[in-house]
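Bear in mind these aren't lab numbers, they're just calculated from the coordinates by the rules spelled out. Since the model is a prediction, treat every value here as computed from it, not as a measurement. Here the Cβ positions follow ideal geometry from the backbone for every residue, glycine too, while neighbour counts run over all protein chains shown.
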Amino acid sequence: MPGETVTLQAGQCGNQVGLEYWQQLATEHGILADGTPVAFPSKEFQYEREGMSSGYSVRNDRPELFFKLSSSNKFTPRAILVDLEPSVIAKCTNTLPMFNPRNVHLSEQGNGAANNWNSGYTYGYNHQEEILNLIDRECDKCDNFSNFQLIHSVAGGTGSGVGSLLLELLSDRYGSKKLLNTYSVFPSNEKTSDVVVQPYNTILTLKRLIEFSDGTLVFDNDAINSIENALFGISTGISNDAFNNRGSGAFQVANKLISFVLSGVSNPLRFPTYMYSSHESIFSTLIPSPDLKFLSASIAPFANLSNFESHVSKYNFTSLNEYDILLELLNDRYKMNKVSGPVNYISMLNYLIGNNLNQEEIRKGTLKVQQRVNFVPWTSPSAHSINCKKSVFTDREGFKGKSLNGIQISNNTSIIHVLLKTVKQFDLLAKREAYLNFYTESNNREERARVMDVFQECKESVLNVIEEYKACQAMSYLEDQNAEMDIV
Ligand code: GTP
């Protein structure tokens with residue numbers, strides 16, 4: 001039986017993506033902004049649920065895995081919202097009053113972490129009891145608590161610094177018993193880096209992701225920006241302008257794309273099928289070893305997404321069937337990590353989201369995908385597909401006929417490119433010891449040297465992951481690992 005997920009969202013990016021995510025989940029489960037369930041549109045799904053009030057007793061979904069249903073019949077997201085400045089959280093709670101105000105942690109100073117990992121981490125450290133109390137309280141409300149998911153950016157101050165501390169704290173408190181996944185947004189480098197110290201913040205956060213996350217789905221803002229340009233002929237401006245204009249909605253399309261992937265990941269749990277009934281089963285299919293846990297996503301076609309009516313794509317996707325969508329998901333244009341050069345896959349999970357899926361088209365499409373991509377030589381070259389149900393609330397009239405979507409979550413070597421990009425940006429700053437004063441108190445030579453050592457240690461961890469992804473392309477990869485285990 002799948003258990004409940006508690007979501008933690010930290011910083012501007014974490015909360016803005018989180019807001020889109022909860023809107024998507026609420027739409028799929030027919031929940032109004034204030035948490036009121038709308039009447040179920042059809043009785044075709046005869047799936048009796050216990051404890052639901054009348055008029056609401058027959059449904060095929062499991063919203064309670066992500067929402068708590070109160071005695072007054074209102075749904076509340078199982079989410080903790082953390083930020084050090086109030087504007088984005090205010091936007092979240094104004095847009096979706098369903099958020100529990102007691103699950104919000106805001107800094108009293110209200111001036112953010114100044115894009116500094118150190119400030120975010122220190123703030124989190126000094127307020128750990130309060131934040132952990134919120135988290136424990138939310139977990140206690142679950143009948144069968146299963147896992148945490150953290151939504152954040154790795155590059156600012158709060159999502160990266162508080163996010164890193166949360167990873168440490170949760171790993172310490174809940175240890176190996178509960179899965180801890182992250183949805184981590186990586187900064188744009190194509191445009192002028194919107195904050196000059198982003199590479200330092202990113203490298204410090206990566207160290208914690210490497211140590212404490214059980215699986216990290218990486219979203220590269222550069223790739224997402226290209227997708228928007230290609231599909232809608234717009235750029236939502238993941239740039240200086242957008243950054244300076246906090247909470248302006250400048251990232252809205254990017255965040256819708258990300259949140260569609262996030263909601264897709266848990267689709268088979270929320271709309272139960274006979275396949276993949278828990279987060280553990282999904283992530284264990286994707287992650288063969290803790291050393292290879294950075295995942296990539298792609299999504300197609302964008303134009304069919306619910307909540308996307310206002311953005312009309314240049315492309316006509318209405319006639320795509322299951323076969324087409326499986327192949328579209330391989331298209332570099334739809335990948336949420338920048339791809340450069342050949343990519344080798346370690347694992348691949350294709351989610352086809354629609355009703356009355358055509359199994360023959362899926363079978364043909366899956367075979368074609370397996371012929372087209374390279375898998376690392378030590379794994380079985382199989383692309384897994386999940387038949388996902390579409391919510392009756394999003395499969396409504398007007399969307400019929402173009403209601404098939406797909407997402408792909410995979411573990412592949414394109415992550416090398418994202419991590420190398422970070423290391424290169426880091427080296428540019430570090431070789432001149434630029435802006436180190438942001439991370440020291442007195443900025444004396446000894447302190448600078450100490451900070452530099454910490455940075456270098458983090459960089460080493462990232463380089464090790466890059467090496468691991470390079471090494472896994474060889475046939476001898478598993479043998480090398482076995483040899484290491486023999487030495488231990
Ligand atoms: P402080 O502002 O220092 O308190 O930290 P923070 O965690 O709130 O910072 P933020 O989340 O703004 O992180 C900055 C990085 O995230 C930059 O690379 C931004 O381009 C990116 N970013 C900010 N908001 C969003 C968003 O809503 N969506 C996406 N995709 N990226 C965002």
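Close amide H pairs (under 5 Å, H built 1.01 Å from N) link Leu150 with Leu8, Asn181, Thr182, Tyr183, residues at least 5 positions away or on another chain. Sorting 256-267, 366-377 by their mean Cβ neighbour count within 10 Å, with the most densely packed peptide first, gives 256-267, 366-377.
Packing order of peptides 320-332, 280-292, 144-156, 422-434, highest average first: 144-156, 320-332, 280-292, 422-434 (average count of other Cβ atoms within 10 Å over each peptide's residues).
Just to confirm the filter: which trypsin sites (Lys or Arg not before Pro) across the range 92-169 are DSSP coil and have at most 16 other Cβ within 10 angstrom of their Cβ?
On the way: sites: Arg102, Arg137, Lys141; in loops: Lys141.
Loop-located and lightly packed - Lys141.
Between amide H atoms placed 1.01 Å from N, distances below 5 Å from Phe375 occur with Tyr345, all of them 5 or more places distant or on a separate chain. The 3J(HN,Hα) values that the Karplus relation (6.51, -1.76, 1.60; θ = phi - 60°) gives for the range 278-291 are, in residue order, 8, 4, 4, 5, 5, 6, 6, 5, 8, 10, x, 8, x, 7 Hz. Gly and Pro appear as x.
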